[in-house]
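Quick notes on the structure that follows.
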Amino acid sequence: MKTISRFKNKRERRVFKEESIDLNNPDVEIKRKRVVAKKVFHEFCDSSTIHGLKYLGTRPTHEKIWWIAVFGVSLCICGFQIKTIWNKWDQNPVIVSFNENLITISEINFPAVTICHQNRVRKSHFNYGNVFKSIMEKGLNVSKSEFSESEMKLFELIAQTCIKDGNQDDMRKLVKNFVNKTFDLNPKLMEDAAPVLNETLIFCAAVLVEKRWACQLGFGRILTEEGVCYTFNLLNKTELLRDGFTFNFDENFPPSAANWSFDMKSIKPEDPQYTFNNPFYPFRIFTTGQKLIVYLASNTAEDLDESCPGYGERFRVFIHGPDEIPWHLHHYYDIDIKTYTTLSVTPQIVMATDRMETAYSPEKRRCYFDGEKTLKYFKRYTKKNCELECFVNITQSLCNCTRFNFPRDPNTRICGLSDYICVSRDATYNLHKETASASLNSTYQGRFKCNCWAGCRSIQYEAQVREAKLFDNQRKILKTQFVDKTGKVENRSVLYDVTKLYVTFKDSEFFAMKRSELYGLTDFIANCGGLLGLFMGVSLLSFVEIIYFFAVRLVMGIFNRHKTVMEVIDEEEAEEDETQN
């Protein structure tokens, strides 16, 4: 009877409480939501697959504290490891590794080869030494009356190529004479005074179908910081530079090619073979036997001017890309006269996955794909072209002029000796800062913000030099065969020394590097999932559970007001029973 009586009293009490609860009372509403949240949390802890959570729902307080501490430590360690992976993915998303396949030499362009004579000017055309001595001894004002204006202009141009390799005291004294004094310079004067091609390159062969070909068909004249040079396999001026700019390079050399391409697509033996009438350009070769052969003649006894020592009795050879203008940032090689020299070229090939272009910005991958960075002077972007253009812009900004051997606007003044210190010291120093800032993985940008990063797909050429002296009888044969038979130099052929230059690829196949993602999105998720599983026992379904309990169940419980009112009453009765007991 007592049990039945107690049940009736409890039931009456529940009915009374249910009828007396004011659902609009804020305190009741807060308590109702708290009860719902507590119930959902307990259910989540009991059924969740996450390690340790089931002990937080129903265990005694001291055990709950222990498991909260363990859970917190695991969560912190896991979070730290995930942050490390994120930083690596965010800061260094690109990895450069070896490509799976070797690249054959038929898939890449033969390098451009630029040859510079050690004699910047023919003494028979202009005696640089006489003007130099006159200025050094008498000063510029007196010398201007002894020589014509064109001779003084030519001297000021040639002097810029000579003094950089000469005595520094003489350089400072000469430059001091030209302070605040300059001429309206025309680089065309240097071309007229330089050694002519036919007396410098006396034999050319190979690369093409023809075993031997006239050097003037394959080499064009170009103006560099070394003076007048001759270049092979360089793109036509119209394909290299944008319209509206001036650059001293043969206008119609080489002939504009209709089918030129830099794509890494292998040519086949059945394709049309290379001739000068063939529209394929730049040249490519099939085997290492297709080497460029050039015999160089040097009239040192007559043409070498001691006042312009240059780099001695040598030729300077630049090896560079067909889409790049040669200058001192390229690899160059000084070869002695009277030698048999072979340059064995090794291309440094860097490729990139297509995914790289869309997955990351240039700032993230630190390189440019075609079309991502437009240069002012050049149609094609390369790191070297960007750095050259950067130097041009720096020089114009600091010195208000442009060097004679750089692309320029037709109205831009050519730098003279009065600007030499500004160009060689101030502008060069700022270029080095810009180059360094682009090379470092930092957010620092130089003053001129050149941002000359590498191309994501690029080819650079390096060469190994092998050199052997020619015997006297070899020099004599060469002179007889290639110099004596030319009418102009037949009587003075003994003054010429001959150098044999061979340029070829070192091997027929090369390893290439490839830029690719260090972590793709799938890799990142997999790494994070592995850490979460190791430390927390978390899987994708664990997140579904969290969403289900704390979004679906919690919201439904809060909006089901009648049911949750009964749960509030149950909780109050449980508290009353616990107090009575």
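Every read-out reported here was derived from the displayed coordinates using simple, explicitly stated rules and does not represent laboratory data. This structure is a prediction, so every number in the text was calculated from the model and none was measured. FYI the Cβ positions are ideal-geometry reconstructions off the backbone, even for glycines, and counts take in every protein chain you see.
What pairs in 433/500; 153/379; 291/384; 88/379; 383/514; 291/383 have C-alpha atoms more than 29 Å from each other?
Violating the 29 Å Cα-Cα cut-off are 433/500; 153/379; 88/379.
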Expected sort for 422, 162 with the fewest Cβ neighbours (10 Å cutoff) up front is 422, 162
Taking alpha-carbon centroids only, the range 390-416 lies from the range 312-350 a number of Å equal to 26
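Loop only per DSSP, at most 14 neighbouring Cβ atoms within 10 Å: give me the GluC sites (Glu not before Pro) in the range 48-127, ordered by residue number.
100
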Here P(r) for the range 55-140, Cα-Cα distances in 10 Å bins, as whole percents, is 11, 13, 11, 11, 10, 12, 10, 8, 6, 6, 2
Yeah, the range 121-193 with a ≥ b ≥ c from its alpha-carbon gyration tensor (a/c under 1.5 is rounded, else prolate when a/b outruns b/c, oblate otherwise) is rounded
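If I take every Cα pair under 8 Å that is 6 or more residues apart in the range 121-193, average their sequence separation and divide by the length, what percent do I get for the relative contact order?
Rounded, it is 43 percent for the range 121-193.
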Neighbour-count ranking for 514, 376 (other C-beta within 10 angstrom, fewest to most) reads 376, 514
Ranked from fewest to most other Cβ atoms within 10 Å of their own Cβ, 59, 122 fall in the order 59, 122
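Do me a favour and compute the ellipsoid semi-axes for the range 55-207 from its Cα gyration tensor, root of five times each eigenvalue, largest one first, whole Å.
74, 29, 11
So, counting K/R as plus one and D/E as minus one, what does the shell of residues with Cβ under 15 Å around residue 438 add up to?
Result for the local shell: +4.
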